[in-house]
Amino acid sequence: MKLMAVMAHPDDAEIWCGGTLILHSEKGDTVRICSLSYTGESTRGQEAYKGAKRIGCEVELLGLDDTAIRDTDEAAEQLRRSIDSFRPDNIITHWFDDMHPDHEATFRVLRRALVCGFLGKSIDALKTTPRIFCCDTYNSIGFHGPFKPDRFVDVTHIWKKKETAIKAHESQLLSLYMDMIDRQCLSHGKAAGTKRAEGFLYLPLFGRPDDGAPLGG
């Protein structure tokens, strides 16, 4: 199975879905992080490589500007090529109601890349589109209310590995992120009947119903 995390910034995957990525990597699945911003030569790009190594996955940096990600034809085409080359079964991305402008734009770029990439294709081709899952956001609050996940991935036993992956991003406000994500995953864990969990919301793109396959490793 192939899992792709399409995120705005190099540390987003580790923060919002790092445990799930680790579980899939340990299972032997092929995992890739695609960050729309930064290049490999930048400080944050180097941190992205370090974080991906700690997860056990690939990373790709598309080089868009931080705080200036926009839903443009060019960005969507760049992301479409990345998706076509990797051919993921599942994609994790930002929530469509996320209040961070780069996060919201990343969701829109992904939607455009997928919809435009499959226009004119057969019904059978549409059945091969990846399943899309939205991840949590800052304090689980969006424009129109709280984030309400419809599935959870138990990350209790790999929590230290998730923390280690987040800590690869030394240029960021790690204490803020670590405290916030700990609270959120404890809350999701309570809802899921475990200690810590990551929460996700399934997005039925093209009206595709969920086939019930688990997202967790």
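Hey, among the residues in region 165-202 that are touching a helix residue (DSSP H, G or I) at 6+ places or on another chain (Cβ under 9 Å) and part of a strand (DSSP E or B), which one's farthest from Gly142 (Cα to Cα)?
Going through the qualifying residues, I end up with Ala197.
Six or more apart or on different chains, Cβ under 8 Å: which pairs go from a residue in region 147-162 that's of a type in the set (Asp, Glu) to one that's part of a strand (DSSP E or B) and surrounded by fewer than 22 Cβ atoms within 10 Å (Cβ to Cβ)? Could you list them?
Asp150/Leu201; Asp150/Tyr202
In region 139-165, how many residues are open to solvent by less than 70 Å² (accessible area, probe 1.4 Å) and out of contact with any Ser or Thr (no Cβ under 6 Å at 6 or more places or on another chain)?
Residues that pass the stated criteria total 12.
Return the pair list, or none, for Cβ contacts closer than 6 Å from residues in region 1-28 that are in a loop (DSSP other than H, G, I, E, B) to residues that are open to solvent by less than 10 Å² (accessible area, probe 1.4 Å) and of a type in the set (A, V, I, L, M, F, W, C), at least 6 apart or on different chains.
Ala8/Leu36; Ala8/Ile69; Pro10/Ala48
Kindly establish whether Thr67 is part of a loop (DSSP other than H, G, I, E, B), on the phi > 0 side of the Ramachandran plot and either of a type outside the set (Gly, Ala, Ser) or under 16 Å from the mean Cα position of the chain (by Cα) (or both).
Here the answer is yes, as Thr67 does meet what is asked.
Give the number of residues within region 169-186 that are crowded, with 17+ Cβ neighbours inside 10 Å, closer than 23 Å to Arg44 by Cα and not aliphatic (A, V, I, L, M).
3
Name, by its number, the condition in (1) surrounded by 13 or more Cβ atoms within 10 Å (Cβ to Cβ); (2) under 26 Å from Arg111 (Cα atoms); (3) of a type in the set (Gly, Ala, Ser) that does not hold for Gly212.
Exception for Gly212: condition (1).
The values are calculated or read from the model by the stated rules, or taken from the named source; none is laboratory data. Everything numeric in this text was worked out from a predicted model, so none of it was measured. Every residue, glycine as well, gets a Cβ built from its backbone with ideal geometry; the counts of neighbours run over all protein chains shown. For the accessible areas, the whole protein counts, side chains as well, though only heavy atoms, and no ligand, DNA or RNA atoms are used. Shrake-Rupley method; radii C 1.70, N 1.55, O 1.52, S 1.80 Å.
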